[in-house]
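Working notes, structure below.
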Amino acid sequence: MSSSGLPSVLAELVAYFAPLASERRDRGGAVTLQTPGVNVLALNATFLPGADCAPDGTSPQGRARLVATAVPVAGEEVGAVRVGSYLPQGRAGGVVVEQVSRLSLPLWAGVLAEAYETPEWAPALARHLAARLEGDRDTALLLAYAGGEALGALLWRAGPGGGGHAHLWGTLDPGVDAPLLNAAQALGTHLRASLPDSSPLALVGGETVRFSLL
């Protein structure tokens with residue numbers, strides 16, 4: 001458990017996503033992040049210390065509550081990621097990864113939103129992140145290109161000990177995954193990352209985080 005009462009894997013995600021959220025609330029060991037108008041699960045979830053800490057009822061907006069847990073809970077699972085240490089793997093295969101400025105946020109957000117099959121959310125995501133990242137020296141935006149086309153987007157955040165974190169990223173081609181994460185790993189001494197549960201890439205010490213509707 002972390003000092004906040006959350007399992008360490010959930011505390012890690014909160015530390016990464018909280019600066020990007022519109023609002024954070026701490027109650028009873030749980031942490032709730034809310035970001036209206038942005039469709040990133042972790043930015044609109046309640047991170048629970050355990051399965052027996054599930055909130056009662058619906059959200060204030062009358063919708064089912066989205067929770068993130070390190071253990072299974074009763075409810076409809078809508079997503080899952082593996083979180084762990086990433087080591088360089090695979091080959092570049094013609095993929096070029098560049099660190100881009102905040103001016104590239106519209107393109108970056110467009111790639112990320114399309115990667116999650118929600119292209120209509122790209123403008124709102126770009127506007128939101130432009131405000132949240134202003135003056136933030138601990139983050140970097142990466143874009144991956146193949147054949148001159150942008151196919152991958154990743155937000156890297158500096159972590160303790162010279163390492164970094166990559167929990168918000170996506171690609172339009174699985175062949176871009178490893179080169180993009182390899183580039184993120186090269187920005188620090190080590191990298192903690194989230195991978196979709198279905199990803200064939202490997203993590204060291206991976207733990208599963210589940211997002212569920214209650």
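What follows draws every value from the coordinates through simple rules; no lab data is involved. All values derive from a computational prediction rather than experimental measurement. Here the Cβ positions follow ideal geometry from the backbone for every residue, glycine too, while neighbour counts run over all protein chains shown.
Data table
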item	result
Contact order relative to length of region 85-201, as percent, for alpha carbon pairs under 8 angstrom and 6 or more apart	31 percent
Part-to-part distance (alpha-carbon centres) for region 155-214 and region 98-129, which is given in Å	18 Å
Residue-wise HN-Hα coupling along region 120-132, computed from phi with Karplus coefficients 6.51, -1.76, 1.60 (Hz; x: Gly, Pro)	5, 8, 4, x, 5, 5, 5, 5, 5, 5, 4, 6, 6
Structure-derived Cα extents along the principal axes in Å: which label, when the choices are (i) 50, 35, 31; (ii) 84, 39, 34; (iii) 57, 44, 34	(i)
Gyration tensor (alpha-carbon) shape descriptor, region 85-201, a/c threshold 1.5	oblate
Summed residue charge, Cβ within 13 Å of Leu13's Cβ, Lys/Arg positive, Asp/Glu negative	+3
Solvent-free Debye scattering, log10 I(q)/I(0), computed from the Cα coordinates of region 142-214 at q = 0.17 Å⁻¹	-0.66
Rounded, prolate or oblate (a/c below 1.5 giving rounded, otherwise prolate when a/b exceeds b/c) for region 120-175 by Cα gyration tensor	oblate
